[in-house]
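So the structure is just underneath, and the comments pick up after that.
Laboratory data are not the source of any read-out in this text; all were calculated from the coordinates shown. On a predicted model such as this, the values are computed, not experimentally measured, just so you know. All Cβ positions, even for glycine, are placed from backbone atoms using ideal geometry, and neighbour counts span all protein chains on display.
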Amino acid sequence: MTETKKNDESIQMTRQGYDALMAELIHLRSEERYRIAKRIEEARSFGDLSENAEYAAAKDEQSKLEGKIQSLEYQLNRAEVVDSSSLDGSLIAVGTQVTLMDQTYRKQFVYSIVNSKEANPKEGRISSASPVGRAILNRHKGDEVIVKTPKGIRKLKVLKIDVI
């Protein structure tokens, strides 16, 4: 049996992403568990549990909630919060913001590189595991990359790297 290294299991995330997941976990453990428990209690009062659709629906919701809580606990237990003070801005990594020139479409984009749970392309946060994220990770200012995206092949040039 081989021993798994902690780094193999770690999930890199920004402080902002970690804090958001923790806040969600706290909310689910307290308010949502309480709300569902009240719903189950109310459904029990309707009588025979074997033919009680409200009870079955509430138990199903409880099961989904517990699965979500376990998922968040898994992520937070393996979280490796990126220390932005340790990043020098010369290399694209999780926790940096990058300005790219899309040479294919002659457009400039600014993206923050985050993990997949924090990603929201509409807000300019892309996952380090996305096609563009993987292509630019560990690149330097001035580097050019060609990346296959859902919208086709794009040629990108790194114009600027900032620590976020």
Legend entry - Extension gain, residue 16 back to residue 160 (0.36 nm per residue minus Cα-Cα distance, nm): 49.6 nm
Inset, instruction - Would you calculate the separation in nanometres between label points at residue 62 and residue 85, each defined as 7 Å from the Cα along the Cα-to-beta-carbon direction? - result: 4.6 nm
Legend entry - Gyration tensor (Cα) of the chain, equivalent ellipsoid semi-axes in angstrom: 42, 19, 14
Legend entry - Label-to-label distance, nm, for residues given as residue 103 and residue 46 (7 Å Cα→Cβ offset): 6.3 nm
Inset, instruction - Set the Förster radius R0 to 45 Å, insert the Cβ-Cβ distance between residue 146 and residue 73 as r into 1/(1 + (r/R0)^6), and round the FRET efficiency to 0.05. - result: 0.70
Legend entry - Listed residue (100, 115, 36) projecting farthest to the positive dipole end of the chain, Cβ model: 100
Legend entry - Calculated [θ] (222 nm, deg cm²/dmol) that DSSP helices of n ≥ 4 give over the chain, each run adding -39,500 (n - 2.57): -11500 deg cm²/dmol
Legend entry - Stretch gain in nm, segment residue 23-residue 116, where the contour uses 0.36 nm per residue and the Cα spacing is subtracted: 31.7 nm
Inset, instruction - Place a +1 charge on the Cβ of each Lys and Arg in the chain and a -1 charge on the Cβ of each Asp and Glu, then give the dipole magnitude about the Cα centre in debye, rounded to the nearest 20. - result: 1060 debye
Inset, instruction - Please tell me the relative contact order of the stretch 1-107 in percent, rounded to the nearest whole number, where contacts are Cα pairs under 8 Å and at least six residues apart. - result: 42 percent
